[in-house]
Amino acid sequence: MPSLKEVKNRINSVNSTRKITSAMKMVASAKLHSAQKAIESMRPYETRLARIMGTFVSTIDGDITSPYAVERPVQRVALVVYTSNSSLCGAFNGNVIRELRHAVARYQEQGCEVVGIYPLGKKGLEAVRKLGAEAQDYSSLLDHPAYAPAAEIAQELMDKFAAGEIDRVDLIYHHFKSAGSQVLTKEQFLPVRLEEESADGVTAESKEGGFLADYIVEPSKEELLLKLIPKALHLKLYTALLDSLASEHAARVIAMQVATDNADELLHDLTLQYNKTRQQAITAELLDIVGGSMQ
């Protein structure tokens with residue numbers, strides 16, 4: 001049985017750790033609030049843009065020819081992986097890295113070559129280097145998320161796709177549904193999918209009497225759609241970044257809350273053990289005193 005001093009030292013150590021996890025939870029909560037506001041402000045814009053593009057595709061006669069929508073046999077693949085710069089966020093990074101390894105293995109089994117991995121986050125960069133691949137460090141984008149740097153990465157991928165250097169680009173990130181739910185998502189980025197918007201699937205905001213909204217545009221829907229596709233791709237990569245950041249902070253809040261609860265439980269058990277050990281020591285001393293006085 002440990003001595004009173006050992007138990008007391010353990011209580012002090014756990015109490016110090018609890019203070020750290022509690023402080024980290026509060027910091028993560030503040031960052032989550034900011035990140036949640038950012039992604040919730042961006043989603044309506046992305047949804048409306050996708051809806052407008054779907055309406056254009058539905059009302060244009062013939063096929064839309066865009067260099068970013070060309071379907072061809074997949075031989076060379078690029079992956080964009082969203083992780084965090086730091087740890088202590090539960091299984092957040094582990095799930096993304098596991099999905100990255102599975103994606104690389106699946107493409108290799110299909111005879112495809114993964115020609116580029118773009119890790120957004122230090123943990124993803126470390127995982128890519130462990131796989132033996134070279135990758136540029138984009139971790140600063142997580143510290144100061146901005147649209148312009150994300151658009152530059154998207155444009156680089158778009159240029160390589162249009163030049164035929166890569167045939168497909170996938171995004172691997174966590175989709176932020178709520179503070180308690182983050183969904184690991186693997187999504188096709190290129191070639192872009194131009195989906196038609198049906199009248200039944202359109203909300204009240206974008207239909208008139210059950211029909212698709214018919215926009216009046218200049219110079220033409222075809223030209224406008226070709227200009228909107230690159231903007232939508234830039235926005236998609238940036239929105240996935242905001243999604244991942246909000247998911248990271250939410251995962252860290254949960255992880256630190258669990259750690260704090262475990263520390264509270266451990267403190268309760270250690271305090272009980274300390275009191276029992278102290279009572280036993282006092283009882284033993286009293287017995288020694290009583291036994292000595294009776295001699």
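The values are calculated or read from the model by the stated rules, or taken from the named source; none is laboratory data. Keep in mind that this is a model prediction, so the values were computed, not measured. Here the Cβ positions follow ideal geometry from the backbone for every residue, glycine too, while neighbour counts run over all protein chains shown.
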Can you tell me which residues in the stretch 70-86 are under 21 Å from residue 242 (Cβ atoms) and either without any contact (Cβ under 8 Å) to a residue 60 or more places away in the chain or of a type in the set (S, T, N, Q) (or both)?
83, 84, 85, 86
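Here is a yes/no grid of residues against (1) more than 30 Å from residue 192 (Cα to Cα); (2) touching a residue at least 12 places away in the same chain (Cβ under 8 Å); (3) outside the structural domain of residue 145 (by TED's automatic domain parsing):
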residue	(1), (2), (3)
238	no, yes, no
245	no, yes, no
264	yes, yes, yes
269	yes, no, yes
278	yes, yes, yes
283	yes, no, yes
Answer yes or no: is there a residue in the stretch 165-180 that is at pLDDT below 90 and in contact with a Phe, Trp or Tyr (Cβ under 6 Å, 6 or more places away or on another chain).
no
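Conditions (1) closer than 27 Å to residue 183 by Cα; (2) among the hydroxyl-bearing types (Ser, Thr, Tyr); (3) outside any helix (DSSP H, G or I), marked per residue:
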{"residue": "51", "(1), (2), (3)": "yes, no, no"}
{"residue": "67", "(1), (2), (3)": "no, no, yes"}
{"residue": "72", "(1), (2), (3)": "no, no, yes"}
{"residue": "85", "(1), (2), (3)": "yes, no, yes"}
{"residue": "104", "(1), (2), (3)": "yes, no, no"}
{"residue": "118", "(1), (2), (3)": "yes, yes, yes"}
{"residue": "125", "(1), (2), (3)": "yes, no, no"}
{"residue": "157", "(1), (2), (3)": "yes, no, no"}
Failed item in (1) among the polar types (S, T, N, Q); (2) under 21 Å from residue 233 (Cα atoms); (3) surrounded by 12 or more Cβ atoms within 10 Å (Cβ to Cβ), with residue 41 passing the rest:
(3)
Considering only residues of the stretch 146-163 that are in contact (Cβ under 8 Å) with a residue 40 or more places away in the chain and surrounded by fewer than 17 Cβ atoms within 10 Å (Cβ to Cβ), which is farthest from residue 230 (Cα to Cα)?
147
From 189, 161, which residue is assigned to a strand (DSSP E or B) and closer than 23 Å to residue 53 by Cα?
189
Here are some conditions: (1) of a type outside the set (Val, Ile, Thr); (2) modelled with pLDDT of 95 or more; (3) more than 22 Å from the chain's Cα centre (by Cα). Residue 67 meets all but one. Which one does it not meet?
(2)
Does residue 142 fit the bill of being more than 26 Å from residue 176 (Cα to Cα), out of contact with any Lys or Arg (no Cβ under 6 Å at 6 or more places or on another chain) and at pLDDT below 95?
no
Residue count for the stretch 183-197, restricted to those that are β-branched (Val, Ile, Thr), more than 13 Å from the chain's Cα centre (by Cα) and modelled with pLDDT of 90 or more:
0
Condition met for residue 83 (surrounded by 15 or more Cβ atoms within 10 Å (Cβ to Cβ), among the polar types (S, T, N, Q) and either more than 21 Å from residue 186 (Cα to Cα) or not assigned by TED's automatic domain parsing to the domain that holds residue 217 (or both)):
no
I'm trying to understand the selection: among the residues of the stretch 224-248, which are of a type in the set (Val, Ile, Thr) and over 23 Å from the mean Cα position of the chain (by Cα)?
229
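Which one of 10, 76, 98, 43 is outside the structural domain of residue 131 (by TED's automatic domain parsing) and either among the charged types (D, E, K, R) or touching a strand residue (DSSP E or B) at 6+ places or on another chain (Cβ under 6 Å) (or both)?
Testing whether each residue is outside the structural domain of residue 131 (by TED's automatic domain parsing) and either among the charged types (D, E, K, R) or touching a strand residue (DSSP E or B) at 6+ places or on another chain (Cβ under 6 Å) (or both) leaves just 10.
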Evaluate the following for residue 82: is it within 30 Å of residue 218 (Cβ to Cβ), of a type outside the set (Gly, Ala, Ser) and under 21 Å from the mean Cα position of the chain (by Cα)?
no
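Tell me, which residue of the stretch 104-139 that is among the charged types (D, E, K, R) and more than 19 Å from the chain's Cα centre (by Cα) is nearest to residue 167 (Cα to Cα)?
Taking the candidates together, the pick is 113.
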